[in-house]
Amino acid sequence: MDISKEKLEWIYTTMYRIRRFEETMLEQTFKGNSMGVTHPSDGQEAPPTGICAHLTDKDWIGSTHRGHGHCIAKGLDTHKMMAEIMGKATGQCGGKGGSMHIADFSKGMLGANAVVGASIPLAVGAALTAKYRGIENESVGVSFFGDGASSQGVLHESMNLASVWKLPVVFACENNGYAEATPSWYAVSADDIASRAEGYGMPGVVVDGMDVFAVYDAAGEAIARARAGEGPTFLELKTYRYHGHFHADVPLNYRTEEEEKYYHDRDAIKSFEKRVTEQKLMTAKKLKSIRDAIEKEMVVAVDFALNSPMPDASALYDDVYVNYSNPIPGLR
Amino acid sequence: MTTQKSVNPLGPGYEGVPGEEKRFRDVFRDTLRAEMIRDEDVFLMGEDISGGFDKETKEPLDAWGGPFAATKGLVQEFGPERIRDAPISEAGFVGAAVGSALTGLRPVVDLMYFDFVTVAFDQLLSNAAKSRYMFGGQTKVPLTLFARSGAGTGHAAQHSESFYSMLAHIPGLKVVVPSDPYSVKGLLAAAIRDDDPVFLINDKKLINLTGFVPDDEYVIELGKGRYTRRGDDVTLVGMSYTSIACQQAAEMLATEGIEAEVIDMMSLSPFDEDILLESVMNTNRVVIVDEDTPRASMASEFAAIIADKAFDYLDAPVKRVTAPHSPVPYNKGLEDAFIPQPADIITTVRKLLGRE
């Protein structure tokens, strides 16, 4: 396996951070500390981790309402993320975005986006900027979206544009089997969403989205293609969300226990641990030290978020515009 | 389409300014060109803007000069990377424009007909207008869009809308409506240089209009209106083409001894509240003329502001002359009846002044 030790550690740290962030976030949500709706992504750690392992801060990603994993894999600070979900002034967006709109432009994160499919052309636009500036080799766009968004027209328009304009984009479709409660066997007209890529003149690859190594390899090829100026690639990452559509989506009577067990048995983190220890790439001790550090990080993140101040009331009027001359009281 | 002369926009102080009579469409194109020369991050995107490709060489052909000749000659000068012809997919390419704006470019999008904005509306509303606010001010969206509005050219229900208020309603978006060659030069340059998303709505009836345009580059501050005629008897408020209709009505009213003051709003979001109130406090009567349909329109918004802040100065009810609450009809007679005409304005003013 040609993954460096440092990269393996990063992958494990990132997947475990996503898992524990989602579990911790849910605990806080059920304690009433979150100010709104949250969409946990635990179970889906492999796709963002295996893809973002190839990216730097100069690369851009678009994300979804289920975006915490994308944020973490792109290097966002979990303290500020937790504070944002609690609506605090110290949050990533000053408490004005919430769980569904976490963004960090300094990290190449174009923002979680709560209209299904709406962020897809943004990543295409980021790739257009890279092509315009002639920096495709160091700045590509990755669009994360789900099986639900695969039915949206804007995805198809974006795929056509990216192909016609030969843009450095990766379309990363995380097919977790459900759009809210609606199964993809009902709503998706093809067995594999990736098969649609052919119609847009780009490679379409079906990937085991529970296996971070498979994701890492497929993403590596797709991103290398983009950086080489060879245009877009479509990846369909077959994965599974352990929780419901949103935090209060219980019981999950639209899914079977057998199906849930099937995916839990193929858990991305457990599979990783088994493989790296069997192949003696990482020690059990090292894995535990990473887990321990993440546990501490979560305690500190919750503490930071709980003890952070609320936004000032005047924030209501801030940043609607860069500047606006109309005398609307308070508006800035 | 007949060639009309624009209202004199310049007024006192502009005598001797170097400039010449130009057509609206030429000024539009020249301003795009000037802004592209000024800033290499400015690029254009839209359907058919490179006008097809040569059958043999596959090079951009510029067959028509783009929709309404707004981009004529530009693809030869700037090349297909900066004059980026887009497949017919408004949601996709407006979204890509937003993405490029979020990552440092200054895209200018030609949406062709204003009616097509609805196809791209989610990208405009949910991404262009909201990104700065919902991400806590960490980004900006320096995006300009333009499209042709307005009835009067036989384009019928789906190519003729003037839904100004639909866009002005959106926090985070700015909306401007030039009314002549002078204002399109200053407003388009200001829109492209602005760091917020700006939508320039261009009434088709103005495209062949000619008028005096100063040679020097200039910008018109977004949110400012202007007087195009001074008078003490009644205020006529126009926007886009209705500013021309107001001016024509005012000239006819003058022959009856009624001196109307005419305001051309130029910007709809932000808009110039001060000029509205100042004029109404002077004339004590106001007629707002809007080609948009009346419900929840800019005419209604201006009326509400005047009623709220200048109530004590009013000698008569605030009147609105608008299109009817209907789609735009095709038949020429019906279409003319749909558009607020100078005759409609004159009738309203006479009633307001008790001179029927």
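A short reminder: the numbers here are calculations on the coordinates, not readings from a lab. The model shown is predicted, which means the values in this text are computed figures rather than measured ones. Every residue, glycine among them, receives a Cβ derived from its backbone with ideal geometry; neighbour counts consider all protein chains shown.
Output the peptides B:168-174, B:108-114, B:72-78, B:331-337 sorted from most to least packed, where packing is the average of other Cβ atoms within 10 Å over each peptide's residues.
The densest-packed peptide leads the list: B:108-114, B:168-174, B:72-78, B:331-337.
For a quick size check, give me the Cα extents of region A:230-290 along its three principal axes, largest first, whole Å.
41, 40, 21
With the calculation restricted to Cα positions, what are the radius of gyration and Dmax of region B:93-139 in angstrom?
Spelled out, the Cα radius of gyration and Dmax of region B:93-139 are 11.1, 33 Å.
Suppose every K and R has +1 on its Cβ and every D and E has -1 on its Cβ; what is the size of the dipole of chain A about the Cα centre, in Debye to the nearest 20?
720 debye
Please compute the volume of the convex hull spanned by the alpha-carbon atoms of region A:192-244 and report it per residue in Å³.
Roughly 81 Å³ of hull volume per residue.
So how do A:33-43, A:87-97, A:180-190 stack up, highest first, on mean other-Cβ count within 10 Å?
In descending order of packing, they fall as A:87-97, A:33-43, A:180-190.
Can you tell me which of A:19-25, B:252-258, B:92-98 comes out highest on packing, and rank the rest after it, using the mean Cβ neighbours within 10 Å?
In descending order of packing, they fall as B:92-98, A:19-25, B:252-258.
Could you give the radius of gyration (one decimal) and Dmax (whole number) of the Cα atoms in chain B, in Å?
So, for chain B, Rg and Dmax equal 20.2, 70 Å respectively.
Take the alpha carbon atoms of region B:98-165, find their center, do the same for region B:258-306, and report the distance between the two centers in whole angstrom.
Each part reduced to its Cα centre gives a spacing of 24 Å.
Calculate the tail of P(r) for region A:23-108: the fraction of all Cα-Cα distances greater than 15 Å, expressed in %.
It works out to 55 percent of all Cα pairs.
Other chains' Cβ within 10 Å of A:161-172 residues: what's the mean?
2
Give the calculated FRET efficiency between A:THR256 and B:ALA156 to the nearest 0.05, with a Förster radius of 35 Å applied to their Cβ-Cβ distance.
0.05
Please report, in Å, the Rg and the Dmax of the protein assembly as shown, where both are computed over Cα atoms only.
Over the protein assembly as shown's Cα set, Rg and Dmax evaluate to 28.2, 98 Å.
Straight distance only, please: which lysines reach the Cα of A:LYS131 with their own Cα at less than 26 Å, same-chain residues fewer than 8 apart left out?
A:LYS58, A:LYS74, A:LYS107, A:LYS166, B:LYS58, B:LYS72, B:LYS130, B:LYS140
Can you give the Kirkwood hydrodynamic radius for region B:226-352, in Å, rounded to one decimal and based on Cα pairs?
For region B:226-352, inverting the mean 1/r across all distinct Cα pairs yields 14.4 Å.
For chain A, what percent of Cα pairs sit more than 27 Å apart?
Tail of P(r) above 27 Å: 44 percent of Cα pairs.
How far, in degrees from 0 to 90, does helix B:90-102 lean away from the longest principal axis of the Cα atoms of chain B, to the nearest 10?
That helix lies at roughly 80 degrees to the long axis.
Using just the helices of chain B, give the 222 nm mean residue ellipticity in deg cm²/dmol: DSSP H runs with n ≥ 4 each add -39,500 (n - 2.57), and the total is spread over all residues, rounded to 500.
Value at 222 nm, helices only, nearest 500: -9000 deg cm²/dmol.
Report, largest value first, the span of the C-alpha coordinates of region A:240-332 along each principal axis, in whole Å.
67, 38, 25
Tell me which lysines have Cα within less than 18 Å of B:LYS351's Cα, excluding those fewer than 8 residues away on the same chain?
Reachable lysines: B:LYS319.
Taking the alpha-carbon distance from B:LYS309 and a cut-off under 15 Å, which aspartates and glutamates remain once sequence neighbours fewer than 8 residues away in the same chain are dropped?
By straight Cα distance, B:LYS309 reaches B:ASP272, B:GLU273, B:ASP274, B:GLU278, B:GLU301.
For chain A, what is the calculated [θ] at 222 nm in deg cm²/dmol (nearest 500), taking -39500 (n - 2.57) for each run of four or more DSSP H residues and dividing by its residue count?
-12500 deg cm²/dmol
Along Cα→Cβ, 7 Å out, is where each label goes; now give me the distance between the ones at A:ARG266 and B:THR57 in nm to one decimal.
5.5 nm
Per residue of A:309-320, how many C-beta atoms from partner chains lie within 10 Å of its own C-beta, taken as a mean?
So the per-residue partner count for this stretch is 2.
Give me the orientation-averaged projected area of the Cα convex hull of region B:21-214, in nm², one decimal.
So the Cα hull casts an average projection of 10.7 nm².
Residues of B:123-130, mean number of Cβ from any other protein chain within 10 Å of their own Cβ, rounded to a whole number?
4
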